[in-house]
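Enquirer: Can you read through this structure? Questions will come right after.
The values are calculated or read from the model by the stated rules, or taken from the named source; none is laboratory data. For clarity, every value in this text was computed on a predicted model and none was experimentally measured. Cβ sites come from the backbone with ideal geometry, for glycine too, and all protein chains shown count toward neighbours. Ligands, DNA and RNA are stripped out before the accessible areas are found, and what is left, the full protein with its side chains, is counted by its heavy atoms. Shrake-Rupley method; radii C 1.70, N 1.55, O 1.52, S 1.80 Å.
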Amino acid sequence: MVCLTVDLVRGVVAVFRRLSVILLMLVTVFIGFGLIIPVLPLMVSHVGAKPVNLGLMLAVYSAVAFVISPWWGRLSDRVGRKPVLIVGLVGFALSFITFGLGKDHLWLMYVARVIGGGFSGAVTATAMAYIADVTGVEDRTKGMAFAGMAIGTGFIFGPFIGGLLSQYGIEVPFFASGGLALLNALWGGLALKESVSAERRAALGEQAGSRWAAFAGRLKYMYLVDFVAQFSIAALEGCFQYFEAAKIGASARDIGFMFFISGVVGAAIQGGVVQRYVKHGREIPALYAGLVVSGLGLLTILLSVNFWTAAVFMTLFGAGNTVLKPTLTSVVTKETTVGQGLASGLLSSMDSLARIIGPVLATYLFQLNHSLPFVFMAVVALSATGLVYAYQRASNRERIVTETA
């Protein structure tokens, strides 16, 4: 038992050592994202624009990312992950600084969101491809769980720091995010090692095809599950604050604390449970569990009666949902027959598409009935177990064909 524990710890340390630079980059990237969360609505209000503009800005960002992310993925397959990551970080810096300069100009804020959406795939999708490059099949889920923990850590601390910086001006967090992205690009240029060899880049460069080349065979079911997972989060973010304000009188501060609690638990699950127990070959049970728990969590939110019950129920949803992303990414990057960049780019596109549809649909359903979006999202999440089952059946059929060939 002691030897098993020692081997486990050594394995975790070895994976973390290989990923330490990229994980630190992910933490700082998402701290930068988190910095602007508390002040985005304030910037829109400052120019006298209606709240719908905030939703449109989020949709514009996701729409541009949906279109461009796979291109960045293919480019990183051809020229390497490192240069694409650095260019993406510089692009992020430009978008943050532009938004800060747009404090008194709504049109400039939209320009900033277009720039940010354009460069998002160069950072997030490429970072996931990098992790897939440097982790083996046995360690892939562990590596993706570390990535999820790094992203969650950034989102935990970013909004808190952004709230503090906003005391010096609502545009200050944007300039801080821009400066952080530039420092991150410099750090990546000095410390990050390229993960794709010249020979591998040449081979991948000869592979033609669009993003949908990755959307084939049994893996198409995994891409659809990824859409459902991200759709649930995006839809929740679109209506949760409205629902709890009407249900229990929750303030913006209360909602912030609920997200903080959920974020801490999610990071702990990805860094502890997922990387330790969801090993190679155990991904399917984890996907079933994640979808069922997140679906039940969405339904229990309807039973909120005070701050603590709302926080617990939201955290229950988050605990289930947080298992899905690293597990899905692990399966896709292990089984894809195209380049890791293209596969990760399609995952990023599915996330962006979900973020376009989720908030709009959720807020529309909320206007019809306050409980309706949560019931709808729960049905979608629970129904997605059928997609996992379809993936299982397709995998079994392919294995039988291979064994009898």
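Enquirer: Lysine pairs in the chain with alpha-carbon atoms under 13 Å apart, 8 or more places apart or on different chains: how many are there?
Expert: Summing the qualifying lysine pairs gives 5.
Enquirer: Go ahead and estimate [θ] at 222 nm for the chain from helices alone: -39,500 (n - 2.57) per DSSP H run with n ≥ 4, summed, over the residue count, rounded to 500.
Expert: Here the helix-only value at 222 nm equals -28500 deg cm²/dmol.
Enquirer: Further question on the same structure: Would you work out the relative contact order for the chain, in percent, from Cα pairs under 8 angstrom that are 6 or more residues apart?
Expert: After rounding, I find 27 percent.
Enquirer: A follow-up question, please. Shape verdict for segment 58-113, please, from the Cα gyration tensor: rounded (a/c under 1.5), prolate (a/b greater than b/c) or oblate.
Expert: Taking the square roots of the gyration eigenvalues as a ≥ b ≥ c, segment 58-113 is oblate.
Enquirer: Where Rh is the Kirkwood radius over the Cα pairs of the chain, the temperature 10 °C and the viscosity 1.306 mPa s, what D in µm²/s does Stokes-Einstein return?
Expert: Here the translational diffusion coefficient equals 74 µm²/s.
Enquirer: While we're here: Tell me the Rg and the Dmax, in Å, that the Cα atoms of segment 229-331 produce.
Expert: 14.0, 45
Enquirer: Here is a further query. Please label the shape of segment 135-190 as rounded, prolate or oblate, based on the square roots a ≥ b ≥ c of the eigenvalues of the alpha-carbon gyration tensor (a/c under 1.5 means rounded; beyond that, a/b larger than b/c means prolate, else oblate).
Expert: Judged from the Cα gyration tensor, segment 135-190 comes out oblate (a/c at least 1.5, b/c at or above a/b).
Enquirer: Let me ask another. In whole Hz, what ³J(HN,Hα) sequence does segment 179-187 give by Karplus (6.51, -1.76, 1.60; θ = phi - 60°), x for Gly and Pro?
Expert: x, 5, 5, 5, 4, 5, 4, 5, 4
Enquirer: If a/c stays under 1.5 just call it rounded; otherwise compare a/b with b/c (prolate if a/b is bigger, oblate if not). Do that for segment 98-166, with a ≥ b ≥ c from the square roots of the Cα gyration tensor eigenvalues.
Expert: Oblate is the answer for segment 98-166, as a/c is 1.5 or above yet b/c matches or exceeds a/b.
Enquirer: On to the next question. Treating only the Cβ of Lys, Arg, Asp and Glu as charged (+1, +1, -1, -1), what charge dipole size does the chain show about its Cα centre? Round to the nearest 20 debye.
Expert: 460 debye
Enquirer: With all protein chains present and a 1.4 Å probe, how do Leu353, Leu94 order by accessible area, largest first?
Expert: Highest to lowest solvent-accessible surface, that is Leu94, Leu353.
Enquirer: How high is the relative contact order of segment 73-222, in percent, with contacts defined as C-alpha pairs under 8 Å that are six or more residues apart?
Expert: 39 percent
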